[in-house]
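Single-structure report; data block below.
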Amino acid sequence: MPVWLREYSWRQTPAAVYLSLPVRGVRVTPASIFCTDQYLKVSIPPFLFEAVLYAPIDDTNSTAKIGNGIIFFTLYKKEVAMWDSLTLANANKEKLQCLRENAILKAQEKAKEETEAKKVTKQEHKKYALEATMKLEEAERKRIEDLKEKERQKFTKELELWQKEQQDAEKQNRVRKEVELHQKVEQLKERKKEKMNKTRIPNEGTSKTGLKAVKGCHGSHSMFSENLKEEQLPPPRSAATIKTTFTSRVFPTALRESRVAEEEEWLRKQVEAQRTISADLSELEDLKEEEKSPDWLKDKGNKMFATGNYLAALNAYTLAVRLNNKLPLLYLNRAACHLKLRNLHKAIEDSSKALELLTPPVPDNENARVKAYVRRGTAFCQLELYMEGLQDYEAALKIDPKNKTIEEDAEKIRQLIQGTPDS
Amino acid sequence: SKIEKPKPLKCGTFGATSLQQRYLATGDFGGNLNIWNLEAPEIPVYSVKGHKEIINSIDGVGGLGIGEGAPEIVTGSRDGTVKVWDPRQKDTPVANMEPVQGESKRDCWTVAFGNAYNQEERVVCAGYDNGDIKLFDLKTMSLRWETNIKNGVCSLEFDRKDVNMNKLVATSLEGKFHVFDMRTQHPTKGFASVSEKAQKSTIWQVRHLPQNRDVFMTSGGAGSVHLWKYEYPAQRSKKDSEGAEMGVAGSVSLLQNVTLSTQPISSLDWSPDKKGLCVCGAFDQTVRVLIVTKLNKV
């Protein structure tokens, strides 16, 4: 039961209520004060003070000052009026309860609203910051664009000026050349006249050429200079051939560094394929067609294993491996043969190869993998390498935990190891 | 005015004509080399079925008032041969670089003239799709140097055709280009080079600025053009352990780049008259005229 604080004193003005509440011996924190617009509560275990206020107050602006052993409330009234008393007189238990609950709800709602408002303001601040940075970047971009534009205009003006200059220069050149040409033609004519006068032979040929030169002056007024130039050019080279060799490349496409790795891979595979085919041809010419298939050989091997002819089975499996060295079952079965023949090292080798080929470990090759581990484990144990054997048995168990025989064998090995700690 | 010919044209050059004649030499998809007078384009001035397959690249030297010596045109074709033609000699090339008998041919993708500083000297450089670059000397009619840059060679250009060979830029697939210093040839190591990876896509063409031979522009398969400047090292050649002269490559720095299109820019050229004016053609069927400013400050 809380201890009700009943000693309090209050005074009022038309606009506000001043309430002082002595709280002795306990520490007051802001969390212990709960106030809504018509309900005030101070709860500091074991003390409790509550008041259902006479009239609503403005709880956002009201303050509470926590001093040494006393709390001083300044409550601003919503309506300016004088209160008859601090609390409502007729407050029965139920009403009190209702009021309390309402008060709490109201407080929660207010808290929610406040967080919402905070969120909204935060968003707006972010937006503002973003817009500001965008504006800055825009300004920078515009500055660069303006610089570029200025350069562009400057250059186009220069270009136009330069073009004009060129045209003027060309015109002048043309005029000058025509003048020169005329002068030259004149000189020629005079010389020819002189010649004609001297020799008195009608040199029609030369005069015609002279006239022709004048006619054709506009299009090829540089004919003279061209003739001169041709004399200066060396004759065409004497024909010869240079033989070239190329850096060898198998593929007809162009060489790219990024494709070199792929190309090497492809070539390697081709070479390997070639090798297996050629291996076929050399020794197996006396075998019939069907006998060259690895599957047929595997079946044959299995049959011979079943009848106990382990050497023959071994031969069959070996031949099959020569034809196709990517089938894990061949190695698996060959490992079994080796075990029976007590070629323990070879058994280990073949089981290991089978395991390698059986990656990735999927449910499909569970059986095969279990067998491989068991066979390898057996081989290790027979070689007295019990630790390795146990490892393999445990791996087999991991794949197939329900197999009783494997479990029993694993147990046996463990006992063996524990039984001989020094070996 | 529009002129149409029966076979599509792949490449062309004004390099072997005089400034007055302005004949255009073209190579087409059928392997024909034609020289046209653009004012009378119906019948070519010179025509020869030079190659069995498309002429991928053409270059001309001896014209335009640049350099000395006979005007010559070189063509490189998918049939693996590089042939040098003289417009005054019909039907047969003056030089033929063809694969040895029985050798499988590689596409020749690009050709360039260089070292034409007097009437006798001339070299032709050819780039192939398997990354081979071969330098043929036309005076001695022999192979002077070859190398392989591990990617198909798309474009080759000497920085100047008409001087003692100074620099050669080779661009390739995979966005790489190499700048070779051609002044010092080592007997085994050849020419020194520096290479740069500009972008992920093919660099289709390189062109040096006519007004400054250390500035060049590359155009790329991603529709971008890059402007580069080459800086020479402190010493262009040094002696190696056996005392033979070895070239030292300098460094290349990117001045500017811009993306013009989403399609490859397959060819570009500078104006010899106005510094900074260039034109480029792209696969998006547009021809763009570009202006590069502030080249004086480079």
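The values are calculated or read from the model by the stated rules, or taken from the named source; none is laboratory data. Predicted model only: the values in this text are computed from it and were never measured. In this analysis, Cβ positions are derived from the backbone assuming ideal geometry, glycine residues included, and neighbour counts consider all displayed protein chains. Areas reflect the complete protein model, heavy atoms only, side chains present, ligands, DNA and RNA absent. Shrake-Rupley method; radii C 1.70, N 1.55, O 1.52, S 1.80 Å.
Structure data summary
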quantity	calculated
The one condition in (1) in a strand (DSSP E or B); (2) more than 18 Å from the chain's Cα centre (by Cα) that B:Thr92 fails to fulfil	(1)
Residue, surrounded by the most Cβ atoms within 10 Å (Cβ to Cβ), within the stretch B:1-48, restricted to residues that are away from every other protein chain (no Cβ under 14 Å) and free of Cβ contacts under 8 Å to residues at least 12 places away in the same chain	B:Pro44
Among the candidates A:Thr74, A:Thr133, A:Thr121, A:Thr115, residue that is assigned by the TED database to the domain that holds A:Leu19 and at pLDDT 80 or above	A:Thr74
Residue list for the stretch A:252-261, filter: facing chain B (nearest Cβ under 9 Å) and either among the small types (Gly, Ala, Ser) or loosely packed, with under 14 Cβ neighbours inside 10 Å (or both)	A:Pro252, A:Thr253, A:Ala254, A:Ser258, A:Val260
Where a residue in the stretch A:76-88 is of a type in the set (Asp, Glu) and its partner, wherever it lies, is open to solvent by less than 100 Å² (accessible area, probe 1.4 Å) and in a loop (DSSP other than H, G, I, E, B), with Cβ under 7 Å and at least six apart	A:Glu79/A:Ala55; A:Asp84/A:Tyr54
Residues located in the stretch B:65-123, provided they are farther than 24 Å from B:Cys154 by Cβ and acidic (Asp, Glu)	B:Glu68, B:Asp86, B:Asp91, B:Glu120, B:Glu121
Qualifying residue in the stretch B:274-286 (condition: open to solvent by 60 Å² or more (accessible area, probe 1.4 Å) and among the aromatic types (Phe, Trp, Tyr))	yes
Selection status of B:Ile54, modelled with pLDDT of 90 or more, aliphatic (A, V, I, L, M) and within 20 Å of B:Phe113 (Cβ to Cβ)	no
Options B:Ala249, B:Ala244, B:Ala222: the member that is open to solvent by 20 Å² or more (accessible area, probe 1.4 Å) and touching a Lys or Arg at 6+ places or on another chain (Cβ under 8 Å)	B:Ala222
Subset of the stretch B:152-172 (residues that are open to solvent by 10 Å² or more (accessible area, probe 1.4 Å) and of a type outside the set (Asp, Glu))	B:Cys154, B:Arg160, B:Lys161, B:Val163, B:Asn164
Unmet criterion (only one of (1) of a type in the set (Gly, Ala, Ser); (2) at pLDDT below 90; (3) crowded, with 21+ Cβ neighbours inside 10 Å) for B:Gly76	(2)
Matching residues in the stretch B:79-107 - criterion: being of a type in the set (Lys, Arg) and more than 12 Å from B:Gly50 (Cβ to Cβ)	B:Arg88, B:Lys105, B:Arg106
Pairs, first open to solvent by 90 Å² or more (accessible area, probe 1.4 Å) in the stretch A:339-360, second modelled with pLDDT of 85 or more, C-beta under 7 Å, six or more apart	A:Lys340/A:Tyr310; A:Lys346/A:His338
Looking only at the stretch B:101-137, and only at residues there that are in a loop (DSSP other than H, G, I, E, B) and either touching a helix residue (DSSP H, G or I) at 6+ places or on another chain (Cβ under 6 Å) or facing chain A (nearest Cβ under 7 Å) (or both), the one that is surrounded by the most Cβ atoms within 10 Å (Cβ to Cβ)	B:Asp129
Residue within the stretch A:235-245 that is closer than 14 Å to B:Ser104 by Cβ, within 14 Å of chain B (Cβ to nearest Cβ) and either of a type in the set (Phe, Trp, Tyr) or in a loop (DSSP other than H, G, I, E, B) (or both) present	yes
Residue pairs meeting the criteria (Cβ under 6 Å; at least 6 apart or on separate chains; first at the interface with chain A (Cβ under 9 Å from one of its Cβ atoms) and farther than 16 Å from A:Thr245 by Cβ, in the stretch B:146-157; second outside any loop (DSSP other than H, G, I, E, B) and among the acidic types (Asp, Glu))	B:Lys150/A:Glu257; B:Asn151/A:Glu257; B:Asn151/B:Glu174
Strands (runs of 3 or more DSSP E) wholly inside the stretch A:39-137 containing at least 2 residues that are open to solvent by 40 Å² or more (accessible area, probe 1.4 Å) and touching a strand residue (DSSP E or B) at 6+ places or on another chain (Cβ under 6 Å)	A:63-67, A:70-76
Residue in the stretch B:173-190 that is within 13 Å of chain A (Cβ to nearest Cβ) and open to solvent by 50 Å² or more (accessible area, probe 1.4 Å) present	no
Counted residues, the stretch B:21-42 - those being out of contact with any Leu (no Cβ under 9 Å at 6 or more places or on another chain) and modelled with pLDDT of 90 or more	4
Strands (runs of 3 or more DSSP E) enclosed by the stretch B:219-298 - at least 2 residues per element that are within 14 Å of chain A (Cβ to nearest Cβ) and either within 19 Å of A:Thr156 (Cα to Cα) or under 20 Å from the mean Cα position of the chain (by Cα) (or both)	B:277-282, B:287-291
Selection count where residues are at the interface with chain A (Cβ under 9 Å from one of its Cβ atoms) and under 30 Å from A:Val260 (Cα atoms), scope the stretch B:79-100	7
Of residues in the stretch A:244-299 being modelled with pLDDT of 85 or more and of a type in the set (Ser, Thr, Tyr), the one farthest from B:Ala95 (Cα to Cα)	A:Ser258
Complete set of residues in the stretch A:195-214 that are modelled with pLDDT of 55 or more and open to solvent by less than 100 Å² (accessible area, probe 1.4 Å)	A:Met196, A:Thr199
Given (1) under 13 Å from the mean Cα position of the chain (by Cα); (2) of a type outside the set (Val, Ile, Thr); (3) away from chain A (no Cβ under 13 Å), index of the condition B:Asn166 fails	(1)
Failed criterion for B:Val48 (all others in (1) of a type outside the set (Ser, Thr, Tyr); (2) modelled with pLDDT of 90 or more; (3) closer than 25 Å to A:Thr245 by Cα hold)	(3)
